[in-house]
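Just so it is clear, none of the values below were taken in a lab; they were calculated from the coordinates. Just so it is clear, the model here is predicted, and its values are computed rather than measured. Glycine gets a Cβ as well: all are built from the backbone with ideal geometry, and neighbour counts include every protein chain shown.
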């Protein structure tokens, strides 16, 4: 058994160190599992076409290819994605109101399924879907005029298109108004959708769970195709600077959930609801709804340094299912705007070397962090006495040096236990076998909060604090 067999119960704070990153967006890579076709499917959020700088209608030649790819979705687990051009969300298309678009869509011979493309920005049967439905080895072409401004979604719309969208087949087309958009310092582009997985086969591939999709019970809710993609646990936060105005586009593919889109530590200073770029934007909105099948655009200002979490504020999706990314704002402190006082720096989402933001409030065997920085392979007991039975890690909190391998060893008491990190940095089997061991090497500084998923509510929690 594994974590998918029981209720997940970890916190957003259990993501690793969310306190900064020097790796450029898209440069940090995960190790590719043996059956994966590619290292990643997550599109670089900074890959946004340049603003429109022409005043007369243009004709655009655009080509895309549908790609069915297997990629790692969690350590040791892969998923069969469907994509436009091998990325999620599909490439942003940027044109001007009145421009003519010639679209060529190719479905490669090695595909398994038919595909098409439905542009919400196009008048016509199915937004072009009817005339672009192609089987493997075929190519289709359509032309349309971008008659109405706004930022709109596009997606695959074949029969059973909820499966295709849930596997990653959606993106955004931005039709700028004739007078253009206000200038900003930078733009970012994200796509949110749900992923429904079932059992893991022997190769490590997660099957698609159609029943879970019908019941709207996703395993993951993600930005850009992967849980917690742009955090320290994966490709790194997105680096920005103080005193910038940033425009962010969010395409919600769904197929089912409306996003309650929120920036922790900030507000949407300008909100273009439902992709409406013509009406006056709403101002200083804390959280906005982005329905499936739509794109919203927002602007934020960055007056002070520090992390800004981009989340779906339907909070369990951020805490347990992956709908959280981070902007790291770099620059000079401005205590006249915000003064943290120098006491802690967590607020529930990152480091806190004092009390871990209440992580151990319900853990009765926690007495402090045990220094294991000089130990090569420290051992933590799983199923030790505590929390009303054999429901504890011993010791529950340890500090180790970077490069240390931590070993968890099962006592065989207290029933089935596992060791599960919310950001999917590590996860053991769920077992009650005495003497069973699980190990993980910590190469990156940070705080790694973990739980035993069936016994988290009893207080079976732990943390590994990794320092250089």
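Eigen-decomposition of the gyration tensor built on the alpha-carbon atoms of region 164-213 gives equivalent ellipsoid semi-axes of 38, 12, 8 angstrom, largest listed first. Residues of region 32-64 with an amide N closer than 11 Å to a point placed 7 Å from the Cα of residue 203 along the Cα-to-Cβ direction: 34-37. Considering only beta bridges that DSSP places wholly inside region 33-181, some 65 percent are antiparallel. Each peptide in 218-228, 414-424 was scored by the mean count of other Cβ atoms within 10 Å over its residues; highest first, the order is 218-228, 414-424. Each distinct pair of alpha carbons in region 33-181 adds a 1/r term; the inverse of their mean, the Kirkwood radius, is 15.9 Å.
Sorted fewest first by neighbouring Cβ atoms within 10 angstrom, 436, 189 come out as 436, 189.
When each of the peptides 443-451, 66-74 is scored by how many other beta carbons lie within 10 Å of its residues on average, the order from highest to lowest is 66-74, 443-451. By the helix-only formula, in which each DSSP H run with n ≥ 4 contributes -39500 (n - 2.57) and the sum is divided by residues, the chain has a 222 nm mean residue ellipticity of -1000 deg cm²/dmol.
Between residue 62 and residue 429, the modelled label-to-label distance comes to 4.9 nm, taking each label 7 Å out from Cα in the direction of the beta carbon.
Rounded to two decimals, the Cα radius of gyration of the chain over 2.2 N^0.38 Å is 1.02. Eigen-decomposition of the gyration tensor built on the alpha-carbon atoms of region 116-263 gives equivalent ellipsoid semi-axes of 28, 26, 13 angstrom, largest listed first.
Computed over the alpha carbons of region 221-331, Rg followed by Dmax gives 13.4, 39 Å. Counting beta carbons within 10 Å around each of 139, 78, 411 and listing the fewest first gives the order 139, 411, 78.
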